[in-house]
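These notes concern the structure reproduced below.
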């Protein structure tokens, strides 16, 4: 159903259904409705949509104001603008004021591709994690997004949705019996030797790496952490206790994102040797995804190397 669908198209479809059922849902855009796939909704529902122009900070404040009157606003822009550019407005007008605003940041990290380093949000999770009460959700594929939407709509409070815009690298949650929980991580593959904690587009790379490791006699457990904050500490710690070492894989700076969240969690609950896949504290650059994955060592081959390294560290620590 969703295998070849773009995530932005599925998001628009889900929001259309929600708007038809709830007149309090309002979509706000900062002149990127076409790019983010929601332009048809602006044409179909002019009373429930608003384009504020290239004014992201103002958009956040307008959304907060609408929420204070009982509306349920969703604001859309690229992830770089949904985090860095509007941090103060998100902090004060939305989170501090406890407003029910959903923030959709698209093309996170290297997904921005040819838009280049200025548009690549490799620090957005770090920005949002530092804001009290903020929930951070990153769907892996369109099926997971569809499963998540009812819970997102029902949740009272701010959520940052870190969303890949186009066709996801692979589909992992198409099974009809898949039970989604916004606050519980997913066990994608069971293993005994090393845990690969992954989110977003890195889930596909982690699953590929697990296959390669299996051929080498190493059984990797793969955990998809779709909600980075609040992190499912129980699942994270349980897997750490089982395998004794881990690699955190994310499309983000290794500082402040999922890697930091997992490390903080395990420091409190079950310390183990960890290695980190992601941008190594540097800016991004223009390029297509395959090139950028290899350039920043975020591909499956790099995960395999990190897993082998952390396994050696585990043996030394025993």
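Read-outs: derived from the displayed coordinates by stated rules, not from any lab. Just so it is clear, the model here is predicted, and its values are computed rather than measured. All Cβ positions, even for glycine, are placed from backbone atoms using ideal geometry, and neighbour counts span all protein chains on display.
To make sure I understand, if each residue's beta carbon is the centre and we count other beta carbons within 10 Å, what order do 160, 2 fall in, fewest to most?
Numbers: 160 28, 2 20.
Fewest-to-most ranking of 160, 2: 2, 160.
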Once you sort the root eigenvalues of the Cα gyration tensor of the range 189-318 as a ≥ b ≥ c, which label holds: rounded (a/c under 1.5), prolate (a/b larger than b/c) or oblate (the other case)?
-> oblate
How would you order 147-156, 299-308, 188-197 from highest to lowest mean count of nearby Cβ atoms within 10 Å?
-> 188-197, 299-308, 147-156
Can you grab the distance from the C-alpha centre of the range 160-192 to the C-alpha centre of the range 1-76, Å, no decimals?
-> 23
Hey, what did the chain get for relative contact order, percent, Cα under 8 Å, at least 6 apart?
-> 16
Starting from one equal scatterer on each C-alpha and no solvent at all, send me the Debye-based log10 I(q)/I(0) for the chain at q = 0.08, 0.09 Å⁻¹, two decimals.
-> -0.34, -0.43
For helix 233-243, report the angle its Cα long axis makes with the longest principal axis of the Cα atoms of the chain; keep it between 0 and 90° and round to the nearest 10°.
-> 20
Value of relative contact order over the range 7-163, rounded to a whole percent, pairs C-alpha under 8 Å and six or more apart | 22
Angle between the chain longest axis and helix 56-68 axis [Cα atoms, degrees, rounded to 10] | 70
By per-residue mean of other Cβ atoms within 10 Å, what is the highest-first order of 94-104, 250-260, 227-237?
-> 250-260, 94-104, 227-237
Taking Cα atoms, the helix 300-317 axis meets the longest principal axis of the chain at an angle in degrees (rounded to 10) of 50
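Does the range 7-163 come out rounded, prolate or oblate, given a ≥ b ≥ c as the square roots of the eigenvalues of its C-alpha gyration tensor, rounded meaning a/c under 1.5 and, failing that, prolate meaning a/b above b/c?
Numbers: a/c = 1.30, a/b = 1.10, b/c = 1.18.
In terms of gyration-tensor shape, rounded.
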